[in-house]
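Notes for the one structure printed next.
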Amino acid sequence: MQKSKKQLILAISSLGIGNLTSATFSFCLGVYVLQKTSSSMLFSMLLLIRPLSNLLLSSLIGFCVDKYDHKKICMIAQATSVVAVILFIALFREQLSLSERLLIIVASSIVLTVCDTFQSTSYKASTNSMVAAEHRQKLVAYEQLTDAGAVILAPILGGLLAGAVVISNIALLELAGESVVLLAIALLLTSQSNQTQVL
């Protein structure tokens with residue numbers, strides 16, 4: 001029971017950190033584009049990438065998670081997110097033209113959104129089996145709460161950060177968040193594997 005509570009806290013904490021840092025980073029990218037181009041259309045397009053990708057890919061992602069090992073999908077998607085942010089940081093520190101930077105931003109936004117959707121769907125499918133039955137309803141409620149919290153807080157934090165911190169340093173915060181989530185996933189999945197072996 002105690003172990004189930006710890007896993008519940010770890011799952012919710014990592015989900016909240018991942019959602020908040022990802023949404024904040026996405027908002028900051030939009031603000032960066034708005035500042036550099038003064039184009040509200042480009043800003044709106046960047047903000048639409050996340051919900052549009054979720055809408056278009058939800059069926060495919062659901063099929064993949066149901067058909068294949070969702071634990072492996074979860075790890076691969078999260079590891080890809082970490083690599084994508086590292087590449088973003090490395091490329092953004094080069095001397096690039098504005099059009100090249102915009103291309104990197106759009107490509108990174110799409111990759112991170114797809115990875116986040118794969119990771120979130122498979123992660124929730126995995127964590128349901130990692131907590132005791134009496135904690136599963138709490139898990140679902142807290143997952144919805146963290147999703148809603150990220151939606152509310154991300155624009156606030158993004159607005160504060162975008163005006164005071166350079167985009168490559170904001171990306172470092174995103175990298176830290178994605179790395180924490182990757183570590184949490186590894187701990188949760190290892191814990192479940194050990195529990196299965198004991199049983």
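The numbers here are math on the coordinates, done by the rules we state, and not lab data. Everything numeric in this text was worked out from a predicted model, so none of it was measured. Neighbour counts run over all protein chains shown; Cβ positions are idealised from the backbone, glycine included.
Annotations for the structure displayed:
- Estimated [θ] at 222 nm from DSSP helical runs (n ≥ 4, -39500 (n - 2.57)) normalised by residues in the chain, nearest 500: -33000 deg cm²/dmol
- Segment 3-61 and segment 149-189 have Cα centres lying 9 Å from one another.
- In sequence order, calculated HN-Hα J values of segment 71-78 (Karplus, 6.51, -1.76, 1.60; Hz; x Gly/Pro): 5, 5, 4, 4, 5, 5, 5, 5
- Theoretical gain in end-to-end length, Asn54 to Leu172 [0.36 nm per residue, Cα-Cα removed]: 40.0 nm
- The chain: Rg to Rh, with Rh as the Kirkwood radius over Cα pairs: 1.00
- Per DSSP, loop trypsin sites (Lys or Arg not before Pro) in segment 69-168 with at most 15 further Cβ within 10 Å: Arg93
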